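Beneath this line is the structure, given in structure tokens, with notes to follow.
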Amino acid sequence: LQPLEFQGAIGLEQLKKWDEIHTNRKKHHLIIQSLFEKHIQDIKFPIVHKLAEPSWFGVGIITKDYEQKRKLVDFLENHKIQTRNYFSGNILEHPGYSDLGAYKDFPKSSETLRRVFFVGNAPSYTSEHLNYIEHVLSQYPN
């Protein structure tokens, strides 16, 4: 069997549970975001378009600057809460896209890479997981 065949089989099984997965992701996203809002100062979150209904894989966190991001990510990782960096940033900084324009003309794109990260939002989280996240966040030295 090829790897794509396994992925397809897993995907078919996940589609059977789509409503449960989507509901849990939305619920957990709201809970985790509210925990960050409660315990961490000077952060923001992505704004969702009123017609969108995302199925969140993670909670996007926008810090005030790179230093805050680094400290918060280090703190979370040291307490076994995994984070993921923002995906791309300014793709014009990559040599393959240099013919599309000057990356310096788009400073906000580069800034997102330095200030944004994600915390996971699994549909399988239990109240124990969410309570642990709150416990850890309550210890963060703002």
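Computed quantities for the displayed model
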quantity: Order of exposure, largest accessible area first, which applies to HIS79, HIS94 with probe 1.4 Å; calculated: HIS94, HIS79
quantity: Over the stretch 100-142: Rg over Rh, Cα atoms, Kirkwood Rh; calculated: 1.26
quantity: Sequence ranges 122-130, 96-104, ranked by mean other-Cβ count within 10 angstrom, highest first; calculated: 122-130, 96-104
quantity: Kyte-Doolittle mean at least -1.0 and Cα axial length at least 20 Å: DSSP H helices in the chain; calculated: 3-16
quantity: Probe 1.4 Å, protein heavy atoms only - accessible area per residue of the chain in square angstrom; calculated: 70
quantity: Qualifying trypsin sites (Lys or Arg not before Pro) in the stretch 1-33, DSSP loop, other Cβ atoms within 10 Å at most 15; calculated: LYS17
quantity: Spatially close lysines, pair count over the stretch 1-83: Cα under 22 Å, gap of eight or more or interchain; calculated: 20
quantity: Sulfur and carbon atoms: percent of accessible area, the chain [1.4 Å]; calculated: 56
quantity: Charge tally in the Cβ shell below 14 Å around LYS27, where Lys, Arg are +1 and Asp, Glu are -1, LYS27 excluded; calculated: -1
quantity: Residue among GLN41, GLN82, GLN14 with the largest mean-square fluctuation in a Gaussian network model of the chain, springs linking Cα atoms under 10 Å; calculated: GLN14
quantity: Rough spin-label spacing in nm, given labels placed 7 Å along Cα→Cβ, for GLN41 and ASP19; calculated: 4.6
quantity: Centroid-to-centroid separation of the stretch 110-138 and the stretch 80-107 [C-alpha atoms, Å]; calculated: 23
quantity: From phi via Karplus (6.51, -1.76, 1.60), per-residue ³J(HN,Hα) for the stretch 52-65 in Hz, x at Gly/Pro; calculated: 8, 9, x, 9, 5, 8, x, 9, x, 10, 10, 8, 6, 6
quantity: Most fluctuating residue given options ILE91, ILE61, ILE43, as computed from a GNM of the chain linking Cα atoms under 10 Å; calculated: ILE91
quantity: Chymotrypsin sites (Phe, Trp or Tyr not before Pro) within the stretch 1-79, DSSP loop, no more than 15 other Cβ atoms inside 10 Å; calculated: PHE57
quantity: Overall Cα dimensions of the chain, principal axis frame, Å, largest first; calculated: 47, 46, 34
quantity: Whole-angstrom Cα spans of the stretch 45-123 along principal axes, big to small; calculated: 41, 34, 22
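The values are calculated or read from the model by the stated rules, or taken from the named source; none is laboratory data. All of these numbers come straight from a predicted model, not from anything done at the bench. In this analysis, Cβ positions are derived from the backbone assuming ideal geometry, glycine residues included, and neighbour counts consider all displayed protein chains. With ligands, DNA and RNA removed, areas are computed over all heavy atoms of the protein, side chains included. Shrake-Rupley method; radii C 1.70, N 1.55, O 1.52, S 1.80 Å.
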